[in-house]
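Engineer: Take this structure first; my questions come after.
Nothing in this text is a laboratory measurement; each read-out follows from the coordinates by a stated rule. These numbers come from a predicted model, not from an experiment. Every residue, glycine as well, gets a Cβ built from its backbone with ideal geometry; the counts of neighbours run over all protein chains shown.
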Amino acid sequence: MIDLDKAKKEFEKYVKPYDIQNAKISRKIAHSYRVVEVSEQIAKSLNLTEEDIELAKLIGLLHDIGRFEQIRIYDTFSDKDSIDHANLGVKILFEDGLIRNFIEENKYDEIIYKAIKNHNKYAIEEGLNERELLHAKIIRDADKTDIYEIYINDLAKNVYVAYNYDNISKEKISDKILETVKAHKLVNRYDIKNEADKYVSSLAFVFDFYFKKGLEIVKERQYITKLINRVKTKDNEAEMNLIEENIQEYFKERNV
Ligand SMILES: [Fe+2]
């Protein structure tokens, strides 16, 4: 049985030793809880069993467990500049054995392992069975949905944890990135040359949603329009409009 309340208490215990005053830590805690909720919404939209809904929520809670050590050791969220936080997460859970604090039974271990390991990769690895793949997809969608919420919260508070919005407004978006957006494809992180490219690559996450539910949330909450408007200037207006048009077009294609 999956006892999510118990898992949440254990999660609280796990994060307690970390510096809660550090904005990066508190953001990730709040993110984890919100991802539980989005995962639940997605799982319900797919008419999954109660068991799979609870499992999706548990994976949501634990998917970023590697972030806390990543921040403690490297003080950055950039996997490129530090360590792959998903690989670190599964190491903490399954090599160090922390998973048993969150769930007594081991029958979901493979599903949890593969979902977390694959949540931040460019694509899901080969060889997952149907149920493993389902949960890997749910967490990828839920995580992406909430990334926009994080940025919007940063905007509301005027904090620059993820981005320096003023830099983005001044930088030129690389042609390669714009081509990828026009093709309605996810940006490869190695094509990112500056902060503006990185910002646009986050907007392009919409092209990588498996299920409609996450996309519907992104559209309803107008994340894309708000984020584009925040960085739009006279200099980048044409590019920003092009990006927004492509994303709106994509929503239509997906019947969202
Ligand atoms: Fe993550």
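Engineer: Could you give the dipole magnitude of segment 37-98 about its Cα centre, charging the beta-carbon of Lys and Arg +1 and that of Asp and Glu -1, in debye to the nearest 20?
Structural biologist: Its charge dipole is roughly 140 debye.
Engineer: Assigning unit charges at the beta carbon (Lys, Arg +1; Asp, Glu -1) and nothing else, what dipole magnitude in debye, to the nearest 20, does the chain show about its Cα centre? Provide the component values of the computation, followed by the final result.
Structural biologist: Numbers: 43 positive and 49 negative charges, 116 e Å.
Using Cβ point charges on Lys, Arg, Asp and Glu, the chain gives about 560 debye.
Engineer: Past 26 Å, Cα to Cα: identify those pairs from Lys57/Lys226; Lys13/Lys219; Lys107/Lys213; Lys176/Lys226, in the order given.
Structural biologist: The answer is Lys57/Lys226; Lys13/Lys219; Lys107/Lys213.
Engineer: Still on this structure: Roughly how big is segment 163-253's charge dipole about its Cα centre, with Cβ charges of +1 (Lys, Arg) and -1 (Asp, Glu), in debye to the nearest 20?
Structural biologist: Magnitude of the dipole: close to 240 debye.
Engineer: Once fully extended, how much extra length lies between Asp19 and Lys252, figured as 0.36 nm per residue of separation less the alpha-carbon to alpha-carbon distance?
Structural biologist: Between Asp19 and Lys252, full extension yields 79.6 nm more.
Engineer: How high is the FRET efficiency between Thr76 and Lys44 when r is their beta carbon distance and R₀ equals 25 Å, given to the nearest 0.05?
Structural biologist: 0.10
Engineer: So if I take the alpha carbon set of the chain, get Rg, then get Rh from the Kirkwood formula, what is the Rg over Rh ratio?
Structural biologist: Values: Rg = 18.1 Å, Rh = 18.9 Å.
Computed over Cα atoms, the ratio is 0.96.
Engineer: Same structure again: How far apart, in nm, are the 7 Å Cα→Cβ label points at Asp191 and Glu69?
Structural biologist: 3.3
Engineer: I've got another one for you. What distance in nm separates the simple spin-label points at Lys170 and Glu237, each placed 7 Å from Cα in the Cβ direction?
Structural biologist: 2.1
Engineer: A further question on this structure: Could you tell me which of Gly66, Pro17, His119 has its Cα farthest along the dipole of the chain towards the positive end, charges placed at Cβ (Lys, Arg +1; Asp, Glu -1), taken about the Cα centre?
Structural biologist: Pro17
Engineer: Another question, then. Can you work out the FRET efficiency for the pair Ile152 and Glu104, with r the C-beta to C-beta distance and R0 = 45 Å, to the nearest 0.05?
Structural biologist: Numbers: r = 37 Å, r/R0 = 0.83.
The formula returns an efficiency of 0.75 here.
Engineer: Run the quick spin-label model on His184 and Glu95: label points 7 Å from Cα toward the beta carbon, then report their separation in nm to one decimal.
Structural biologist: Reported label-point gap for His184 and Glu95 is 4.0 nm.
Engineer: Please sort by residue number the trypsin sites (Lys or Arg not before Pro) in segment 17-108 whose DSSP state is loop and whose Cβ has at most 16 other Cβ atoms within 10 Å.
Structural biologist: On the way: sites: Lys24, Arg27, Lys28, Arg34, Lys44, Lys57, Arg67, Arg72, Lys80, Lys91, Arg100, Lys107; in loops: Lys80, Lys107.
Here the sparse-neighbourhood loop sites are Lys80, Lys107.
Engineer: What is the order of Glu40, Glu245, fewest Cβ neighbours within 10 Å to most?
Structural biologist: Working: Glu40 19, Glu245 12.
With the fewest neighbours first, Glu40, Glu245 line up as Glu245, Glu40.
Engineer: Turning to a different aspect of this structure: Among Leu4, Tyr33, Thr76, which residue has its Cα furthest toward the positive end of the charge dipole of segment 1-76, with +1 on Lys/Arg Cβ and -1 on Asp/Glu Cβ?
Structural biologist: So the residue we want is Thr76.
Engineer: Sort Val231, Val181 so that the residue with the fewest other Cβ atoms within 10 Å of its own Cβ comes first and the one with the most comes last.
Structural biologist: Fewest to most other Cβ atoms nearby, the residues stand as Val231, Val181.
Engineer: Let me ask something additional. At 0.36 nm per residue, minus the direct Cα-Cα distance, what do Glu51 and Glu130 gain on full extension? Give it in nm, one decimal, please.
Structural biologist: Using 0.36 nm per residue and subtracting the Cα-Cα distance, I get 26.9 nm.
Engineer: Step through the residues of segment 195-210 one at a time and calculate ³J(HN,Hα) from phi using the Karplus curve (6.51 cos²θ - 1.76 cosθ + 1.60, θ = phi - 60°), rounding each to whole Hz and writing x for Gly and Pro.
Structural biologist: 5, 5, 4, 5, 4, 5, 5, 5, 4, 6, 4, 4, 6, 10, 7, 7
Engineer: Which of these, Asn129, Asn22, Asn153, has the largest mean-square fluctuation under a Gaussian network model of the chain (Cα springs below 10 Å)?
Structural biologist: Asn129
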